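The values are calculated or read from the model by the stated rules, or taken from the named source; none is laboratory data. As the structure is a computational prediction, the values presented were derived from the model and not from experiment. Cβ coordinates were reconstructed from backbone atoms using ideal geometry, including for glycine residues, and neighbour counts include every protein chain displayed. The protein model used for the area step is the full one, side chains on, heavy atoms only, and it has no ligands, DNA or RNA in it. Shrake-Rupley method; radii C 1.70, N 1.55, O 1.52, S 1.80 Å.
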Amino acid sequence: MPSRPTLPRPAPGQLKWWVVGTVGILAGVGLAIWFGLSATLGQPSWQTLGYKVVSDQQVRVDFEVSRPGGRAMTCTVEALARDFAPVGTSTVRVAASAEETTTESATLRTTSRAVTGQVKSCS
């Protein structure tokens with residue numbers, strides 16, 4: 001029967017430093033996960049679902065808003081030109097609702113032809 005190769009053992013006196021290092025790394029990873037979750041849980045989120053350039057002076061933006069407790073929110077929607085300069089901005093009030101996630105649509109007037117529309121922020 002062939003013998004199995006044995007793993008090298010740490011030098012005498014080094015095992016405790018391997019344990020301390022491993023515990024330290026695990027604690028750091030745990031803290032990073034905790035900070036990440038605490039910064040995002042309970043915060044509103046939004047996603048641009050699509051946009052349609054209606055004319056040289058209008059663009060329609062469809063978006064979805066998820067908010068804790070279905071509370072009322074205000075979202076800033078913007079239309080952007082080819083060089084990503086804003087050519088139209090609108091503030092959209094999202095009414096409170098029993099639903100935490102809702103789909104909204106906003107039509108923005110623009111100063112020149114927009115090539116895209118997006119939700120900039122919600123609060």
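Mind checking which residues of the range 99-123 are in a loop (DSSP other than H, G, I, E, B) and either open to solvent by 100 Å² or more (accessible area, probe 1.4 Å) or more than 16 Å from residue 88 (Cβ to Cβ) (or both)?
Hits for the range 99-123 are 99, 100, 111, 113, 123.
Give just the number: which of (1) under 20 Å from the mean Cα position of the chain (by Cα); (2) in contact (Cβ under 8 Å) with a residue 12 or more places away in the chain does residue 82 not satisfy?
Every listed condition holds for residue 82 apart from (1).
In the range 4-41, which residues are in contact with a helix residue (DSSP H, G or I) (Cβ under 9 Å, 6 or more places away or on another chain) and under 30 Å from residue 66 (Cα atoms)?
Passing the criteria: only 41.
Filter the range 55-75 for residues that are over 26 Å from residue 98 (Cβ atoms), outside any strand (DSSP E or B) and either open to solvent by less than 40 Å² (accessible area, probe 1.4 Å) or hydroxyl-bearing (Ser, Thr, Tyr) (or both) and give the result.
none
Within the range 44-63, does at least one residue satisfy the condition of being without any contact (Cβ under 8 Å) to a residue 24 or more places away in the chain and of a type in the set (Phe, Trp, Tyr)?
no
Please verify whether residue 112 is farther than 25 Å from residue 40 by Cα and either touching a residue at least 40 places away in the same chain (Cβ under 8 Å) or of a type in the set (Lys, Arg) (or both), treating the condition exactly as stated.
yes
When only residues in the range 76-94 that are outside any strand (DSSP E or B) and not aromatic (Phe, Trp, Tyr) count, which is surrounded by the fewest Cβ atoms within 10 Å (Cβ to Cβ)?
Among those residues, the one meeting the criterion is 83.
It is to be established whether one or more residues within the range 40-53 are under 30 Å from the mean Cα position of the chain (by Cα) and of a type in the set (Phe, Trp, Tyr).
Checking the range 40-53: at least one residue is under 30 Å from the mean Cα position of the chain (by Cα) and of a type in the set (Phe, Trp, Tyr).
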